[in-house]
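Everything below concerns the one structure shown next.
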């Protein structure tokens, strides 16, 4: 597991997830490798494994992030309209 503050760990994970999202725009899940994710970030392939155990785990984190953003938009809209 990664060492450092929780904020630093979260920022590093977000960098990896964001790189994966950019790659996913032009490549399929099958085509993307940890090595390519590393090349799109400031991390080596092996250092990515300090934050995620598998490529699938990175994609699940990306899906979770997208879901949370999707759910948050209607919630903010409801909150604003009820004021």
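Values quoted throughout were computed directly from the atomic coordinates according to the rules given, and no laboratory measurement underlies them. Note that the structure is a prediction, hence the values are computed from the model and not measured. When we count neighbours, we look across all protein chains shown, and the Cβ atoms used for this are built from the backbone with ideal geometry, even at glycine.
Residue ranges 59-72, 12-25, 42-55 sort as 12-25, 42-55, 59-72 when ordered by packing (mean number of other C-beta atoms within 10 Å per residue, highest first). So what does the Cα-only Debye profile of segment 6-81 read at q = 0.15, 0.21 Å⁻¹, as log10 I(q)/I(0), no solvent term? Those come out to -0.54, -0.88, one per q.
Go ahead and collect, in residue order, the members of segment 4-35 whose backbone nitrogen is under 13 Å from a label point 7 Å along the Cα-Cβ direction of residue 65. Flagged as within label range: 10-25. FRET efficiency for the residue 46 to residue 11 pair, using the beta carbon distance and R₀ = 25 Å, is estimated at 0.85.
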